[in-house]
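Contents: one structure, followed by commentary.
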Amino acid sequence: MTRWLQDNMPKIVLAPSFIAVMVFVYGFIGWTAWVSLTRSRLMPRYELDSFIQYERLADSPRFETAMVNLAIFGTLFIVIAMVLGLLLAILLDQKIRTEGAIRTIYLYPMALSMIVTGTAWKWILNPELGIEATVKGWGFANFEFNWLVDQDMAIYTVVLAAVWQSSGFVMALFLAGLRSVDEEIIKAAQVDGIPTWRVYSAIIIPSMAPIFLSAFIVLAHLAIKAFDLVIALTGGGPGYATDLPATYMYAMAFSRGDIGQAASSAMVMMLVVFTIVVPYLYSELRTKND
Amino acid sequence: MTDMSYAPTRTQSPTTKLVLRFILYILLGVFALFYLMPLFVMITTSLKSLDEIRTGDLVSLPREVTFDAWRTAWSGACTGIQCEGVRPYFLNSLLIAIPAVLISTIIGALNGYVVAQWKFKGANIFFALLLFGCFIPFQVVLLPMAIVLGKLGISGTIPGLIFVHVIYGLGFTTLFFRNYYVSIPSELTKAAKVDGAGFFRIFWSIFLPLSLPIIVVSVIWQFTQIWNDFLFGVSFSQAGTQPVTVALNNIVNSTTGVKEYNVDMAAAIIAALPTLLVYVVAGKYFIRGLTAGSVKG
């Protein structure tokens, strides 16, 4: 008996986590997928009824807004955070004496809750007493900056706050990447009189392709999951102008009592993540096993 | 691309070099201001009186420093109908985060130890399944989890939230420890086995003593994640068991009475303090967690 225990101990230790993952991750995904194919409203029902919920999603102007917002927010957030992160990393890579302190400053927003970030930016961007009022107070009476309450511009405030929060992290990733490039190659290039910007654009940056991919995956993942930031910053408003699939799902699940819509919109989110992450994970795991 | 040429190269004259250095530092300073500005505004706003906020501007220092807003935020601000400040919710967050961090780290360490050092058929598949679980949008598990928590009788309770955070934290903690233990030569385990040491004995006397750095990474990562969580907190709590992020959001969005921006800001800083403190004290490990969680697969 003890012999058997001894031999199987690794499996016994892993078993609870394995069961937990199978039930609480894959089982739950299965449940949500199933319910997304039913007519569930206030209570979950289990009789399958084709793609009725997905048709409702397709017909819902609110969900359409959410998807368009995700596309706008996701693209801008990822592109700006990457460009800014890379720029900051390169600037910091020039043997700056106070590098440690500056890095700390650039990165600290990552330690904050999105709710805190949203609260802070909501206050800064509010037109009555925030930036707009402040600049007006400096004598620019015509200054206007009311994106937060503007239907068409509010989504860009979400981009701004999200970039503020996450670009430092991208910088840290890129900085680690810059430091891992073989210094001999860089020195050789400098001895040959190749200008620094060419060293970056032709040697260093191309060699960091895997880091670009990692940063992209992390940012895309953050964008799709973005929920708390929108709740704290705009509450999805004005109207539902800044709704994202995540806030749509939450509204359907917990305030509208429409479980079918909640489940189907969650599945759409899942699908978006899937298409981005699975190829990445697959390639990662394959190279690890080789 | 022009920005990249600010770095000195061998062909530049000393004066150009100096000018470029100057521009470089100016740029770094401007960005530093961008990142610091919200924190600065939060702090100064929280120290102003409401009157001063209404008349003054965002970036000015308080004419008269007052800690009233901090007192109210801590013990008097209203989150809906209750007006006890963030204190009880701050405590809730601690009661949720501490056990959840410890449990998920311990299980993650054992899982990582198995996956890295006791490979058996299927261990890698388990790891892949677990890893993928790190990436799912949690919306996809919210509804069934609400039902299961109800069935278990822990819905809306702090143990319920601990449970949820442990389950969905396992992926990352296992990943951390697995990646750490994989670099320890497996000959060590084999030799110990030959000497008659068992599974736990090897873990306890060989692996655990080596693990301090990765334990710190895991604890910091989990603490930050759980403390900053909002989605689970708002979905699975009820009046009285809400974590501090949910309370903060309620305070900011409560519509009763005068809008007290200074109290909002003080409450936001209080909610941010623990993770900020962790970051300042152990920033190195914080960054390692971030990069380990994203770079390595």
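The values are calculated or read from the model by the stated rules, or taken from the named source; none is laboratory data. As the structure is a prediction and not an experimental result, all values here were calculated from the model. Don't worry about glycine lacking a Cβ; one is built from the backbone with ideal geometry, like all the others, and counts go over all protein chains shown. All accessible areas refer to the heavy atoms of the entire protein, side chains included, with ligands and DNA or RNA removed. Shrake-Rupley method; radii C 1.70, N 1.55, O 1.52, S 1.80 Å.
Things worth noting here:
- Each Lys and Arg contributes +1 and each Asp and Glu -1, all at the Cβ; summed about the Cα centre of region A:47-133, the dipole is approximately 640 debye.
- Sites residue A:55 and residue A:15 - FRET efficiency at Förster radius 56 Å, r taken between beta-carbons, to 0.05: 0.85
- Calculated FRET efficiency for the pair residue A:75/residue A:256, C-beta based, R₀ 41 Å, to 0.05: 0.90
- The 3J(HN,Hα) values that the Karplus relation (6.51, -1.76, 1.60; θ = phi - 60°) gives for region A:12-26 are, in residue order, 5, 5, 6, 3, x, 5, 4, 4, 4, 5, 4, 7, 7, 9, 6 Hz. Gly and Pro appear as x.
- Per atom type, chain A shows carbon and sulfur on 65% of its accessible surface, probed at 1.4 Å.
- Which of A:140, B:199, A:248, positive extreme of dipole for the protein assembly as shown (C-beta unit charges): B:199
- No Cys partner within the rule (Cβ under 4.7 Å), chain B: B:134
- Interface area, chains B and A: about 8700 Å² of buried accessible surface, summed, with a 1.4 Å probe and ligands, DNA and RNA left out.
- Kirkwood hydrodynamic radius of region A:60-289, Cα pairs, Å: 19.8
- Taken one residue at a time, the phi angles of region A:172-187 give Karplus couplings (6.51, -1.76, 1.60, θ = phi - 60°) of 4, 4, 5, 4, 4, x, 4, 6, 8, 6, 4, 5, 4, 4, 5, 4 Hz. Gly and Pro are set to x.
- For residue B:79, the residues whose modelled amide H falls within less than 5 Å of its own, excluding neighbours fewer than 5 places apart on the same chain, are B:84, B:85.
- Under 5 Å, built H, 5+ apart or other chain: amide partners of residue A:38: A:49
- What the phi angles of region B:107-121 give under the Karplus curve with 6.51, -1.76 and 1.60, with θ = phi - 60°, is a coupling list of 5, x, 5, 5, 4, x, 4, 5, 5, 7, 10, 10, 3, 9, 4 Hz, glycine and proline written as x.
- Residue B:197 long-range amide H proximity, modeled H, under 5 Å: none
- In this Cβ point-charge picture (+1 for Lys and Arg, -1 for Asp and Glu), the protein assembly as shown has a dipole of about 1580 debye about its Cα centre.
- A Förster radius of 25 Å, combined with the Cβ-Cβ distance separating residue A:286 from residue B:187, puts the computed FRET efficiency at roughly 0.45.
- Prolate is the label for region B:111-264, because a/c, from the alpha-carbon gyration tensor with a ≥ b ≥ c as root eigenvalues, is 1.5 or above and a/b exceeds b/c.
- Within the accessible surface of chain B, defined with a 1.4 Å probe on protein heavy atoms only, the carbon and sulfur portion equals 68 percent.
- Kirkwood Rh in Å, taken over all unlike Cα pairs in the protein assembly as shown: 25.7
- Surface accessible to a 1.4 Å probe, residue A:136 within the full protein complex, Å²: 80
- In nm, spacing of pseudo-spin labels at residue B:129 and residue A:142 (7 Å Cα→C-beta vector): 6.6
- Hydrodynamic radius of chain B per Kirkwood, over alpha carbon pairs, in Å: 22.6
- Out-of-range pairs (alpha-carbon distance over 19 Å; input A:11/B:151; A:225/B:259; A:95/A:187; B:119/B:193; A:187/B:284): A:11/B:151; A:225/B:259; A:187/B:284
- Summed over the residues of the protein assembly as shown and divided among them, the accessible surface reaches 44 Å² per residue at a probe radius of 1.4 Å.
- Within chain A: Cβ-based charge dipole about Cα centre, in debye rounded to nearest 20 (Lys, Arg +1; Asp, Glu -1): 600
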